[in-house]
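Comments concern the structure below.
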Amino acid sequence: MAKLYTPAMAKIDKKKAKLKGRVRKSSPGREAWKRLIRNKLAVAGMIILVILILVAVFANFIAPDGIDNQVLKNRLQPPSAAHIMGTDQFGRDIFSRIVYGTRISLPIGFVCTVLAFAFGGILGSVAAYNGGKVDNVIMRIMDIFQSIPPLLMAIGIAASLGNGVLNLVLAISLSTTPARSRVIRAAILTVKRNDYIESARAIGASSRRQLLRYMLPNALGPIMTAFTFSVATAILTVSSMAYIGLGIVPPTPEWGSMLSSSKELLRQAPYTLYFPGIMIMITVLALNLFGDGLRDALDPRLK
């Protein structure tokens with residue numbers, strides 16, 4: 001006697017189908033995202049970064065004043081309802097300058113990191129893929145440059161090229177390229193001997209295809225993690241160089257240059273230093289928290 005197909009059985013079959021669909025849809029990217037959003041500190045860092053990006057995009061609407069509107073009668077006013085972060089020695093609204101400063105510090109840090117990974121990526125990938133003498137020559141040259149502290153190298157390059165945002169970006173990018181080339185070389189070497197690379201080589205895949213189609217995508221996890229931390233380092237370097245008067249030219253409202261221009265007011269008006277310093281600290285902390293969470297999400301074995 002045949003079994004009757006009841007509505008209850010139909011519901012069970014639907015649930016099974018949905019479950020199978022969910023299992024099929026699961027992917028390494030989805031699993032990494034789930035692990036990331038379970039990390040509360042990483043989510044907090046991500047939220048702060050999103051807020052900072054939105055502040056940079058909508059700075060014209062958020063800032064109550066212009067970046068260089070000087071009202072000398074209002075100079076060195078402490079935080080109040082009219083100026084929530086006070087005013088500087090020229091009567092400029094500090095909150096407005098900090099808001100516009102997000103348009104300087106964040107993009108410069110990001111662009112410097114992208115360029116450093118682009119230059120370093122080419123060198124590191126070529127060295128790792130070819131190995132032997134090519135690897136030895138490229139890495140020994142990188143060792144020579146890496147023996148110089150990156151900040152000192154950036155200062156030397158920026159001092160020789162002169163002030164300006166473009167020269168600052170070039171100086172920081174070149175000074176951090178050796179370290180980034182090592183990161184990418186290590187990531188490529190990790191996946192180079194895997195079976196799928198050997199299979200690609202056996203079926204006649206070109207060197208370029210092996211590198212771009214198989215090696216780099218599978219080495220993306222550690223590269224992305226290193227990229228996040230490198231943005232934080234670049235922002236600190238930009239602020240450090242602006243503090244000593246290199247790169248950013250006043251009255252551009254960069255956080256490091258704001259600290260530099262207010263360092264003589266530490267006793268008289270300490271808030272002129274506190275707020276730019278706090279913004280640098282919050283941005284770097286958010287990037288580091290997000291980077292830690294991204295590292296754990298992309299490779300749970302590192303927990």
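The values are calculated or read from the model by the stated rules, or taken from the named source; none is laboratory data. Source: prediction; values computed, not measured. As a convention, Cβ positions derive from the backbone with ideal geometry for all residues, glycine included, and neighbour counts pool all protein chains shown.
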Practice task
Check the stretch 154-165 and report whether any residue there is surrounded by fewer than 17 Cβ atoms within 10 Å (Cβ to Cβ), part of a helix (DSSP H, G or I) and of a type in the set (Ser, Thr, Tyr).
Solution key: yes
Practice task
Report yes if ILE148 is among the β-branched types (Val, Ile, Thr), at pLDDT below 90 and outside any loop (DSSP other than H, G, I, E, B), otherwise no.
Solution key: no
Practice task
For residues that are in contact (Cβ under 8 Å) with a residue 40 or more places away in the chain and either farther than 18 Å from TYR274 by Cβ or in a helix (DSSP H, G or I) (or both), tally how many sit in the stretch 53-94.
Solution key: 7
Fill in the blank from the handout: Residue set PRO222, PRO178; condition closer than 21 Å to SER125 by Cα and modelled with pLDDT under 85; output residue PRO222
Completion exercise
Only one of (1) under 30 Å from MET215 (Cβ atoms); (2) under 25 Å from the mean Cα position of the chain (by Cα); (3) not β-branched (Val, Ile, Thr) does not apply to ASN167, and that is (1)
Handout entry: Matching entry among ILE148, ILE122, ILE141 (being surrounded by fewer than 17 Cβ atoms within 10 Å (Cβ to Cβ) and over 24 Å from the mean Cα position of the chain (by Cα))
Key = ILE141
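The rows are residues; the columns are (1) assigned to a helix (DSSP H, G or I); (2) farther than 29 Å from LEU189 by Cα; (3) in contact with a strand residue (DSSP E or B) (Cβ under 7 Å, 6 or more places away or on another chain).
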| position | (1), (2), (3) |
| --- | --- |
| ALA232 | yes, no, no |
| VAL249 | no, yes, no |
| LEU259 | yes, yes, no |
| GLN268 | no, yes, no |
| THR272 | yes, yes, no |
| GLY293 | yes, no, no |
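Quick grid of which residues meet (1) in contact (Cβ under 8 Å) with a residue 12 or more places away in the chain; (2) touching an Asp or Glu at 6+ places or on another chain (Cβ under 8 Å); (3) aliphatic (A, V, I, L, M):
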site	(1), (2), (3)
THR102	yes, no, no
ALA118	no, no, yes
LEU123	yes, no, yes
SER147	no, no, no
LEU151	yes, no, yes
Practice task
For VAL111, state whether it is at pLDDT 90 or above, within 30 Å of HIS83 (Cβ to Cβ) and surrounded by 14 or more Cβ atoms within 10 Å (Cβ to Cβ).
Solution key: no
Handout entry: Residue list for the stretch 238-259, filter: closer than 22 Å to ASN69 by Cβ, under 24 Å from the mean Cα position of the chain (by Cα) and surrounded by fewer than 20 Cβ atoms within 10 Å (Cβ to Cβ)
Key = VAL249, THR252
Handout entry: Number of the condition not met by LEU259 [criteria: (1) modelled with pLDDT of 80 or more; (2) within 23 Å of ARG35 (Cβ to Cβ)]
Key = (2)
Handout entry: Output for the stretch 219-276, where each listed residue is free of Cβ contacts under 8 Å to residues at least 12 places away in the same chain and within 23 Å of VAL169 (Cβ to Cβ)
Key = PRO250
